[in-house]
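Everything below concerns the one structure shown next.
Please treat every number below as a calculation from the coordinates, not as lab data. Nothing here was measured: the structure is a model prediction, and the numbers come from that model. Here the Cβ positions follow ideal geometry from the backbone for every residue, glycine too, while neighbour counts run over all protein chains shown.
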Amino acid sequence: MKRIVFFVFFVAVAQLQFSQAQVRSNPINLNDTEVFSYINPKDYVIGEIRVSGTQYLDNDVLITISKLQKGQHLEVPSEATSNVVKNLMGQGLFDDVQLWADRIEGETIYLEIRVQERPRLTRIDLNGLSKSQTEEIRKRLNENTGKIVNENLINTTKNTIQRYLREKAFLYPDIKITPKKDSAQANNEILDVQVDRNSKVRAESINFSGTEKFSQKELRKMFKGVKQKAWFRIFGPGKFKEEKYKEAKENLITNLHKKGYRDAEIIKDTVSRVDEKSVKVDIDLYEGPKYYFGKINWSGNSKYSDSVLNIILGIEKGQVFSEETLMNKLMGPTRNNDDISTLYMNDGYLTFSIDPIQTKVYNDTIDLDLRMYEGAQYTINNVLVKGNDVTNDRVVLRSIYTKPGQKFSKALIMQSVREIAQLGNFDEQKTNPVPTNLNHAEATVDVLYNVAEKPSDQVELSGGYGAGQIIGTLGLTFNNFSTANLFNKSAWKPLPRGDGQKLSLRGQTSGKRYQSYSFSFSEPWLGGKKPIYFGLSAYTSNSSYGGFNNYTGQQMVEDSKLQRIWMTGVTATLGKRLQWPDNYFQINSSLSFQRYKLQNYPSYFLFDNGTAYNINFTQEISRNSIDAPIYPTSGVNLKFSVQLTPPYSLFNKLNYNTASEQDRFRWTEYHKWKFDSQWYTKIVGKLVFKAQAQFGFLGSYSDKTGTSTFERFKLGGDGMQGFDFLQGSEIIAMRGYSNGTVIPASTPNNLQSIAISSGSPIYTKYQMELRHPVMLNDQATVFVLAFAEAGNTWNKFSEFNPFKVRRSAGVGARIFLPIFGMLGIDYGHAFDPIPGLNSSQWKQNFTFSIMQNMGGF
């Protein structure tokens, strides 16, 4: 009987174990409470872990994140099994995570982590924006292709678009982002973004509270960057941009600090929407008391006495306290570099420092202790140049004012930077002088000038059609030429370069009717040891009129019946940089020879046939302190010159009343005086103001000869010498007027065409320009400008009135490309008509310029 009972019990247990083994051989979700109970958990050893459902993610990494390991004892269910799901879902990569028991064999459990990855991004479709706006936003989004599509991505995309639009004054855009399934790729989505920018926003009103000393008008004036609507603002108050708003708040506090309210701060500011196109700005200010400078005590100074430092500081007791003014006078920058730091730095005190300490604040007064550390006087040990891959070291070093053995000087370093820029071979924005290798024991320092070469050679290649003929021009300018390497084959890349010399070649022709060729060469350091300038130039031109078919250009008459003029000339110049009154001065002396040969030419040349010679000597003195040749921002450029020919009529014993025209005008005589000045200064930020004044006078030695036909002034137009030979006249640009049409008011109507062709003996011109850069780098310099000009010409000095001028104004743009030089376009409007000429003759709204500086020099 016992054996039967034991057999029945054994069979029952075996059947139970077999049925349980069958259940545990199938996958079971560890959250299945019918199988696994939190009340009675069981302990297992992990036999294996696998991950299923992944497309892009690494399974081993996911197992590591789950914190499960093969061979680990695991209580099922437990906090550890729950954390597997939490840890993986916390990554933001999955829509669903489940932990399954793949099978259970006795005490061993085989786990499976089942995941459903979130969809990946295929692309973002932006709708409702312009092409340029779409491209800019895509750059900021960095496409995000392949990233997980989740709330974070959607919010990031929306915030990026909002931030960009707010920068453009679209403060309240409507943005709707909808994920859509990508039919081309499984488990991928496309973000469809619909954008309604709505209107740009302007400030309806700006109101301030919490201040008693300043009116609303005064505070709005200090709130630079944001303006409220007003009837007198014709073009509106400007768009409300968050960046400008932030800047305006900083400007407000800075201006209050300047006025002595050093505790002033913005307690709260609110921008509230008025309607679709405007907002209201409310700013609550804490004004605080107004402070004044009290006693100023100097300590640590031995080089200069307190009285000397007080004079340079220029701050008196009782003056309104301004921390900005104080720091500018102590550490710069000031307009004239007359701060305390510059005083010491110019005398070798490289490690000089000063620390202003507010020692006492009582009532409305602040006492200061200016604690100085003078340090040692440093001497320059070596001067180094780095980055000049083409230009020879000596070309750069000879332009540098800091020399080994001299005391360190900040002023000389800045002047050296300017001189390097004037060479024209380096990017002035990247020239960086750095004191290096400080030897504190011996008080020596090296000065390293980091420079960046820029393309400086230029080519002029142009063609045009005018006066019935096609004109072609080819010009080449090599600004870093080297004659020393002419016979060194390895230096021709493609021409020998590196010595800072300038070589220019130019040709212009329309065939037989017009030809002009010129050559010039200059060496700024003749002999290589001293700044002695040498220049040599030559040209030859000929122009024929009449007897040509304007359509075909074919010559219709024999050569002897054509109207012709030939001009040939050569000029040699020597110049020297002066050390007095300062080293910005230069003196140049030139000797020039020109020959004019005329055949059947119009009568305004005083003779129709024959040859005239012009031998002249020019003495010029100039001062040039501008900081950069292409886009000057500060400095002055002055030039005064006198050009003289021998006074032939005073000693040649020629009877000018009876002599032939050929004899009377064979030797051209005159004296010519010119003055030109340009002034550059920064107004605010990068905005530059340029002022210019010019004057020219052509006189004669004797009434017998009259004023020379050659060397006159032609005012008006673009200032460029075109294919018309211009009869040796000097061309002065004046935008808004046609070329040479600003003629003297006293010119008789029947002689106006002659006056336009031959020019005038006296002129004056004034110019004002506001310039703002668009791009400043070694690839291109681009700036826009607005100008106002005034000028006039006169036939004789008794008529001269420098305030009776013709006026014009307009806007323009310049682009400097290293290979082409300066290119310009201007739109000018002339206000004062030329009597006797209709508007189509004297007006020229658009002017173009190539490779020249509008207005002189």
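Scaled against 2.2 N^0.38 Å for its residue count N, the alpha carbon radius of gyration of region 404-465 is 1.68. Measuring from centroid to centroid over Cα atoms, what is the spacing of region 189-205 and region 407-453 in Å? Measuring centre to centre over Cα atoms gives 50 Å. FRET efficiency for the pair SER353 and GLN406, taken as 1/(1 + (r/R0)^6) with r the Cβ-Cβ distance and R0 = 25 Å, rounds to 0.65. Between the C-alpha center of region 637-709 and that of region 485-508 there is a gap of 35 Å.
Using only alpha carbons, region 191-331 has a radius of gyration to Kirkwood radius ratio (Rg to Rh) of 1.16. Here LYS180 is the anchor, and the aspartates and glutamates within straight C-alpha reach of less than 12 Å, apart from those fewer than 8 places off in the same chain, are ASP125, GLU189, ASP192.
Under 37 °C and 0.692 mPa s, how fast does region 260-415 diffuse according to Stokes-Einstein, given a Kirkwood radius computed over C-alpha pairs? Answer in µm²/s, whole number.
On the way: Rh = 19.4 Å.
Answer from the Stokes-Einstein relation: 170 µm²/s.
Could you give the C-alpha radius of gyration of region 120-196 expressed as a fraction of 2.2 N^0.38 Å, taking N as the number of residues it contains? Show your work: numbers first, answer last.
Working: Rg = 12.2 Å, N = 77, 2.2 N^0.38 = 11.5 Å.
Rounded to two decimals, the normalised Rg is 1.07.
The orientation-averaged projected area of the convex hull spanned by the Cα atoms of region 382-439 comes to 4.1 nm². For region 617-705, the fraction of C-alpha pairs more than 21 angstrom apart is 52%.
Taken over the alpha carbons of the chain as equal point scatterers, the Debye sum produces base-10 log I(q)/I(0) values at 0.05, 0.06, 0.07 Å⁻¹ of -0.52, -0.69, -0.86.
Among HIS671, HIS772, HIS257, which comes first, second and so on when ranked by fewest other beta-carbon atoms within 10 Å? Write out the running numbers ahead of the final one.
On the way: HIS671 16, HIS772 13, HIS257 19.
The fewest-first ordering by Cβ neighbours comes to HIS772, HIS671, HIS257.
Over the C-alpha trace of region 375-485, radius of gyration and Dmax come out as 20.2, 78 angstrom. Label zone (ASN583, point 7 Å along Cα-to-C-beta; backbone nitrogen cut-off 19 Å) within region 430-448: 432-435, 445-448. When the Cα atoms of region 292-373 are aligned to their principal axes, the ranges along those axes come out at 41, 26, 19 Å in descending order.
Once the Cβ-Cβ distance between PHE487 and ASN439 is put in as r, and R0 is 51 Å, what FRET efficiency do you end up with, to the nearest 0.05?
Details: r = 44 Å, r/R0 = 0.86.
Efficiency for this residue pair is about 0.70.
Taking the Cβ of THR668 as the centre, find all other residues whose Cβ is under 12 Å away and add up their charges (Lys, Arg: +1; Asp, Glu: -1).
Values: positive: ARG595, ARG664, ARG666, LYS672, ARG712; negative: GLU669, GLU711.
Result for the neighbourhood of THR668: +3.
Per residue of the chain, the DSSP helices (runs of n ≥ 4 H) give a summed -39500 (n - 2.57) that works out to -5000 deg cm²/dmol at 222 nm. Scattering from region 53-173 was approximated by placing one identical point on each alpha carbon and applying the Debye formula without solvent; log10 I(q)/I(0) at 0.11, 0.23 1/Å stands at -0.55, -1.29.
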